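The structure appears below as structure tokens.
The values are calculated or read from the model by the stated rules, or taken from the named source; none is laboratory data. The shown structure was predicted, so the numbers you read here are calculated from the model rather than taken from an experiment. Because the Cβ atoms are built from the backbone with ideal geometry, glycine has one as well, and the counts that use them run over all protein chains shown.
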Ligand code: 13P
Ligand code: SF4
């Protein structure tokens, strides 16, 4: 539906009144009505860098989800405030790893004598507390755009017979290890935080290289191998492009796999007449279809699949956040505890120092 013209005018007026004092970041899964007011858009890696690149803006309004706003707070200076227009914009995947569970898992690894050979690699989609855990244990953060480099670095750090504890997305961990690094599927085991010792026997733990936390994205987990096969049957020459949070069996048969930014760039570079089915969040797929009408762009699954938490940031919330700033009130600030931020920053800086 078209945006309420009154709200559009109010958002415009508030942004104009704030001028350079506010910098609005928009993740690619945001609604069109919100993207319209973003100063920059990006995947989670680009947005983390973009947030850090505006030290003179006192307010960063983050149109995305909670873990992204936390990361922006950690990477920006103390004098800057990050605002999340709706605090209910979380991420169900990030919620699948609680810091107490991760600390318990690490104790199990210590008891099993493998912790000293284990390097944590933590997906950006995680709480600041888990990023801090990662920093304290010599690991790195990664996003879907640098997971290959991050995992290569971590395996090298772990050394011969070493292991990576990859959290919280088992699919990104598995897909990166097998598809990008050519590793064997048998080297991967799933660590179930609800079972003693992750549900693994000592032998399974000893022989594994990749300890994959049992987490997944509820949106990307819905794409199926059958949907890919159906698209290939129904659309001649179709190209399948998916996000690496999809299940391994889906990623294995896709033509292209990448972060949201990579999906956009790949489609933008394709010739007119290219036919795509896209396995990622629906706001982005719809925007791509509108932006590149000379290609044919369809959603990989027929059933609607927005990320419900990304969608919580809507124009009314954005207007409320911006108008409050105009009135000198900061609503929904995201402030990470200093001690947590210090170690989370170590892990984020490690990611930013990776080559490429
Ligand atoms: P990107 O880093 O590819 O934008 O992904 C973030 C995300 O949450 C995907 O579900
Ligand atoms: Fe989290 Fe999935 Fe939504 Fe991304 S799409 S924010 S991983 S729930």
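Only one residue in 247, 233 is surrounded by fewer than 24 Cβ atoms within 10 Å (Cβ to Cβ), outside the structural domain of residue 175 (by TED's automatic domain parsing) and in contact (Cβ under 8 Å) with a residue 24 or more places away in the chain, so which one is that? Walk me through how you get there before you give the answer.
Working: 233 fails: in contact (Cβ under 8 Å) with a residue 24 or more places away in the chain.
So the residue among 247, 233 that is surrounded by fewer than 24 Cβ atoms within 10 Å (Cβ to Cβ), outside the structural domain of residue 175 (by TED's automatic domain parsing) and in contact (Cβ under 8 Å) with a residue 24 or more places away in the chain is 247.
Looking only at residues in the range 52-67 that are assigned to a helix (DSSP H, G or I) and either in contact with a helix residue (DSSP H, G or I) (Cβ under 6 Å, 6 or more places away or on another chain) or more than 15 Å from ligand 2 (Cβ to nearest atom) (or both), which one is farthest from residue 320 (Cα to Cα)?
Of all residues in the range 52-67, those assigned to a helix (DSSP H, G or I) come to 52, 66-67.
Still in the list and also either in contact with a helix residue (DSSP H, G or I) (Cβ under 6 Å, 6 or more places away or on another chain) or more than 15 Å from ligand 2 (Cβ to nearest atom) (or both): 52, 67.
Details: 52: 24, 67: 21 Å.
Here the answer is 52.
So residue 53 passes all but one of these: (1) in contact (Cβ under 8 Å) with a residue 24 or more places away in the chain; (2) under 23 Å from residue 342 (Cα atoms); (3) surrounded by fewer than 22 Cβ atoms within 10 Å (Cβ to Cβ). Which condition number does it fail?
That leaves (1) as the condition not met.
Which condition from (1) buried (at least 16 other Cβ atoms within 10 Å of the Cβ); (2) away from ligand 1 (no atom under 14 Å from the Cβ); (3) not in a loop (DSSP other than H, G, I, E, B) is the one that residue 100 breaks?
Only one criterion is unmet by residue 100, namely (1).
From 126, 77, which residue is within 14 Å of the chain's Cα centre (by Cα), in a loop (DSSP other than H, G, I, E, B) and within 19 Å of residue 336 (Cβ to Cβ)?
Exactly one of 126, 77 is within 14 Å of the chain's Cα centre (by Cα), in a loop (DSSP other than H, G, I, E, B) and within 19 Å of residue 336 (Cβ to Cβ), namely 126.
Pairs under 9 Å by beta carbon, first residue touching a residue at least 24 places away in the same chain (Cβ under 8 Å) and not assigned by TED's automatic domain parsing to the domain that holds residue 210 in the range 166-177, partner surrounded by fewer than 24 Cβ atoms within 10 Å (Cβ to Cβ) and in a helix (DSSP H, G or I), six or more apart or different chains?
none
Under the condition of being assigned to a helix (DSSP H, G or I) and in contact with a strand residue (DSSP E or B) (Cβ under 6 Å, 6 or more places away or on another chain), which residue from the range 283-311 is farthest from ligand 1 (Cβ to nearest atom)? I'd like the intermediate steps shown before the answer.
Of the range 283-311, the ones assigned to a helix (DSSP H, G or I) are 283-291, 310-311.
Adding the requirement that they be in contact with a strand residue (DSSP E or B) (Cβ under 6 Å, 6 or more places away or on another chain) leaves 285, 288-289.
Values: 285: 13, 288: 14, 289: 18 Å.
Result: 289.
Give all pairs with beta carbons closer than 6 Å in which a residue from the range 287-304 that is closer than 12 Å to residue 274 by Cβ and not assigned by TED's automatic domain parsing to the domain that holds residue 29 meets a residue that is modelled with pLDDT of 95 or more and assigned to a loop (DSSP other than H, G, I, E, B); count only pairs at least 6 apart in sequence or on separate chains.
As it stands, the answer is 294/272; 295/274, since those pairs meet every condition given.
For the range 149-187: of the residues being surrounded by fewer than 19 Cβ atoms within 10 Å (Cβ to Cβ) and within 15 Å of ligand 1 (Cβ to nearest atom), which is farthest from residue 352 (Cα to Cα)?
Selected residue: 180.
One line per residue, one yes/no per condition, for (1) within 16 Å of ligand 2 (Cβ to nearest atom); (2) modelled with pLDDT under 95; (3) over 20 Å from residue 123 (Cβ atoms); (4) not in a loop (DSSP other than H, G, I, E, B):
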site	(1), (2), (3), (4)
38	no, no, yes, no
45	yes, no, no, yes
50	no, no, no, yes
70	yes, no, no, yes
88	yes, no, yes, no
106	no, no, no, yes
109	no, no, no, yes
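Take residue 75 and decide whether it is without any contact (Cβ under 8 Å) to a residue 40 or more places away in the chain and within 16 Å of ligand 1 (Cβ to nearest atom).
No, not satisfied.
Out of the residues in the range 1-27 meeting the condition of being within 15 Å of ligand 2 (Cβ to nearest atom) and in contact with a strand residue (DSSP E or B) (Cβ under 6 Å, 6 or more places away or on another chain), tell me which one is nearest to residue 83 (Cα to Cα).
25
Take residue 138 and decide whether it is on the phi > 0 side of the Ramachandran plot and not assigned by TED's automatic domain parsing to the domain that holds residue 266.
yes
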